[in-house]
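What follows draws every value from the coordinates through simple rules; no lab data is involved. Everything numeric here is computed off the predicted structure, so don't read it as measured data. Every residue, glycine as well, gets a Cβ built from its backbone with ideal geometry; the counts of neighbours run over all protein chains shown.
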Amino acid sequence: MLENLLDEVCDIKSRFDSYETIFSFNGTITYELLTNLGALLRQNLDAIEKNQTRKSKVFIVFIEELQNVLFYSKEKYPKTGDNELYFNLGIVLVGYINDIDKYFIVCGNAIDKEDVKKIESKIESIKSLDTEELKSMYKQKRREKNRDKGSKGAGLGFIEIARKTTEMDYKIFNLKDDLSFFVFEAII
Amino acid sequence: MIYLFLFLKLLFRRKYLKNLVIKATEKTPYIDFDLKHNILKIKGQSYPEDTFKFYTPILTWLNSYKKNLNKNSEILVKLEIIYFNSSTAKVLFDIFDMFEDIAKTGAKVTVSWLYDEEDETIKEYGEEFAEDFIYLSFNLVSSKFA
C-alpha cells in the first residue's frame, strides 16, 4: 500500500504548485491551527500584497471559511472508536495566481447528506443577490435576535464572504453512506 | 422604607460594579470600561473560539452599567479594531443596541470608530453601524495603524 506514497505526494505537490498555492493543509484542524495559519497568511500577504483593503478581505474570508470547517465538519479523527478526544477533519488551500491577479481560498469538509439541500439553497440564494441586496441581508441578519438553529456563529458567515469576494463557488461530492464532502472556493 | 431599600440596593450595585479590564490576546480584544469617566474602549482583534462565551461577561457588565447610569451622562465608546469576525459583528451590534437604548433615554453617547486609513473594510463596517444607530453619534476616525 505504501509503495506509491512518495510518487503521489510529488504528484499532489506539483498539482498544488500549478495553482500557485501559498499553503495547503489537509487533516485535523484545531482553533490553534486556524490562528496560526491566519498569522502565516498575514505574513505572506505582507510580502505580496500592497493593498491593505485587499489584504483584509483575504484574511476575513479565510477566517470565516476555516471557522466553518472547524465548526461544522462531520468527519472526525480518530475515525472509529469511542474516543473522548477527537478532531475535526478538513482541507484548506490558499493561493495567489499572479497572471490573473487573483487570490483563491478553498476550504472543504464533510457534511451530513441530509444537510446538502439546506446548504445548497443557502449558498444559491446568497449567490443570486447583488451588492445592495447582500448589504441589506447582512444588516437584517445582524439585527435578528434569534440565532440560527444549529449555527455556532451569527449566521452571517456566507453573507460576509459573499460581500468580500468577486466570485464564489462550491461543489458537493458523495463521500460515504451518510456523508458528503462540501468544498467551497472564494476568489478575491 | 421601600425607598431606603431601593436606594441602598442602588448604592450597593454601583459600589460593586467595578471597572472592567480584560487583557488582549491574539484572538480577543483589549477591553477597558472605565466607570468614573464613562469611557469604554475595545481595541485589537476579535475572533474568539467561542464568541458568545467571550462576550457574555462583557454584555452582563454593560447591562448593570446601563441600569445604574445617570440619564444625563456623557459616554464615549472608543473602538480601535483591526479585525473582527462575523459573529463578533453580531455582538458589536448588540452592544451598540444597548447604547442606543441608553441614548434614547437622554444620555449623550459618542462612538469613536478608529480605522486604519489604508483599510476600507474597517471603515465600511463603521459606516454601516452608523447607519443602523441614529441615536449614537458616530465619529469615523482615520488613523495610521502600526
(request) Rounded to the nearest 10 degrees, what's the angle between the helix B:51-67 long axis and the longest principal axis of chain B, both from Cα atoms, 0 to 90? (result) 40 degrees
(message) As a test, work out the antiparallel percent of DSSP beta bridges whose residues both lie in chain B, rounded to the nearest 5.
(response) 25 percent
(request) Taking 7 Å along the Cα-to-C-beta vector as the label spot, tell me the A:I97-B:I39 distance in nanometres, rounded to one decimal. (result) 5.0 nm
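Which value in deg cm²/dmol, rounded to the nearest 500, describes the helix-derived mean residue ellipticity at 222 nm for the protein assembly as shown, given -39,500 (n - 2.57) per DSSP H run of n ≥ 4 and division by the residue count? Before the final figure, lay out each step's value.
On the way: 10 runs with 150 residues, N = 334.
Using -39500 (n - 2.57) per qualifying helix, the result is -14500 deg cm²/dmol.
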(message) Taking the 0 to 90 degree range and rounding to the nearest ten, how far is the long axis of helix B:86-104 tilted relative to the main principal axis of chain B, both from C-alpha atoms?
(response) 40 degrees
(request) Sticking with the crude label model, points 7 Å out along Cα→Cβ, report the distance from A:K76 to A:D130 in nm, one decimal please. (result) 4.7 nm
(request) Could you tell me which of B:S137, B:I22, B:Y65 has its Cα farthest along the dipole of region B:18-143 towards the positive end, charges placed at Cβ (Lys, Arg +1; Asp, Glu -1), taken about the Cα centre? (result) B:Y65
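Would you mind checking the pairs B:K23/B:K53; A:K139/B:K67; B:K78/B:K144 and listing those with alpha carbons more than 19 angstrom apart? Present the calculation step by step, with values, prior to reporting the outcome.
Details: B:K23/B:K53 16 Å; A:K139/B:K67 27 Å; B:K78/B:K144 16 Å.
Long pairs (Cα-Cα over 19 Å): A:K139/B:K67.
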(request) Arrange B:K78, B:K104, A:K57, B:K36 by Cβ neighbour counts within 10 Å, fewest through most, would you? (result) B:K36, B:K104, B:K78, A:K57
(request) Would you mind classifying region A:1-102 by shape? Square roots of the alpha carbon gyration tensor eigenvalues, ordered a ≥ b ≥ c; an a/c under 1.5 is rounded, otherwise it is prolate if a/b is larger than b/c and oblate if not. (result) oblate
(request) Kindly identify region A:50-177 as rounded, prolate or oblate by the Cα gyration tensor criterion: order the square roots of the eigenvalues as a ≥ b ≥ c, call it rounded if a/c is under 1.5, otherwise compare a/b with b/c, prolate if a/b is larger, else oblate. (result) oblate
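Treating the beta-carbon of each Lys and Arg as +1 and of each Asp and Glu as -1, no other charges, what is the dipole magnitude of chain A about its Cα centre, to the nearest 20 debye?
Dipole size: approximately 1060 debye.
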(request) Could you give the size of the charge dipole of the protein assembly as shown about its Cα centre, using +1 on the Cβ of each K and R and -1 on the Cβ of each D and E, expressed in debye and rounded to the nearest 20? (result) 2240 debye
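Quick check on the exposure proxy: order A:R142, A:R42, A:R15 from fewest to most C-beta atoms within 10 angstrom. Could the numbers behind the result be given before it?
Details: A:R142 22, A:R42 17, A:R15 10.
The order, fewest Cβ neighbours first, is A:R15, A:R42, A:R142.
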(message) Please state the shape class of region B:18-143: rounded when a/c is under 1.5, otherwise prolate if a/b exceeds b/c and oblate if not, all from the C-alpha gyration tensor.
(response) oblate
(request) State the answer as a single residue: which of B:L114, A:M1, A:N44 lies farthest towards the positive end of the charge dipole of the protein assembly as shown, with beta carbon charges of +1 for Lys and Arg and -1 for Asp and Glu, about the Cα centre. (result) B:L114
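For a footprinting-style exposure proxy, rank A:C10, A:C107 by other Cβ within 10 Å, fewest first.
Details: A:C10 10, A:C107 27.
Placing the least packed residue first, the sequence is A:C10, A:C107.
How much space per residue, in cubic angstrom, does the convex hull of the C-alpha atoms of the protein assembly as shown take up? Display every interim value, and only then the final one.
On the way: hull volume 58.3 nm³, N = 334.
Normalising the Cα hull of the protein assembly as shown by residue number yields 174 Å³.
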(message) I'd like the orientation of helix B:2-16 relative to chain B: the angle between its Cα long axis and the longest Cα principal axis, in ° from 0 to 90, rounded to 10.
(response) 40 degrees
(message) 5 Å is the cut-off here: which amide hydrogens, built 1.01 Å from N in the peptide plane, fall below it relative to B:F138, excluding neighbours closer than 5 in sequence?
(response) B:V111
(request) Provide the gained length on full extension for the span A:S24 to A:K50, in nm with one decimal, where the gain is 0.36 nm per separating residue minus the Cα-Cα distance. (result) 7.1 nm
